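Report on the structure given below.
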Amino acid sequence: MDSTDLADLIDELTATARDASSGRAARTIRGGHEHALRETVIALRAGHELAEHESPHEATLQVLRGRVRLIAGDEAWEGISGDHLTVPPRRHSLAALDDSVVLLTVSNRMP
């Protein structure tokens, strides 16, 4: 059985993102080709983003800390700690409105 202390990981990735020129840090806590799901904890410094990209598989986003904005076409969603969202299956971006940490869960299989 695998276990991850999310509180410690959130603090670690937040500190790494603060020092990174990209303003972000991430760690996959579960995943790979042998798994149906990939789970990645992503920290973003306020004012930084994950630029627009494709979403070929099913995905969800849970806000663990801070405040983020997910934009997909004409739709935008703002989430705070505790919020959970199904990521739309089209191009989207994610911006940190505050120093933020999210848990991205992506299916490695097509629906």
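The values are calculated or read from the model by the stated rules, or taken from the named source; none is laboratory data. This is a predicted model, so every value here is computed, not measured. Cβ placement follows ideal geometry from the backbone for every residue including glycine, while neighbour counts extend to all protein chains displayed. SASA here: full protein model, heavy atoms, side chains in, ligands and nucleic acids out. Shrake-Rupley method; radii C 1.70, N 1.55, O 1.52, S 1.80 Å.
Where does each of H57, H84 land when they are ordered by accessible area, with a 1.4 Å probe and the largest first?
On the way: H57 50, H84 115 Å².
Per-residue accessible area, sorted high to low, gives H84, H57.
Solvent-accessible area per residue for segment 6-111 at a 1.4 Å probe radius, Å²?
Solvent-accessible surface per residue comes out at 56 Å².
Taking the Cα centre as origin and putting +1 on Lys and Arg beta-carbons and -1 on Asp and Glu beta-carbons, what dipole magnitude results for the chain, to the nearest 20 debye? It would help to have the intermediate numbers written out before the result.
Details: 12 positive and 18 negative charges, 39 e Å.
Dipole of the chain, to the nearest 20 debye: 180 debye.
Quick check: at a probe of 1.4 Å, how many percent of the accessible area of the chain sits on carbon and sulfur atoms?
49
So for D74, D11, D83, what's the accessible-area order with a 1.4 Å probe, most first?
Accessible-area ranking of D74, D11, D83, largest first: D74, D11, D83.
What percent of all Cα-Cα pairs in segment 46-111 falls into each 5 Å bin, going from 0 up to the bin containing the maximum distance?
Reading the bins upward from 0: 4, 19, 30, 27, 15, 4, 1.
Once you have the Kirkwood Rh of the chain from its Cα pairs, apply Stokes-Einstein at 37 °C and 0.692 mPa s and quote D in µm²/s. Before the final figure, lay out the partial values.
Numbers: Rh = 14.1 Å.
Answer, rounded: 233 µm²/s.
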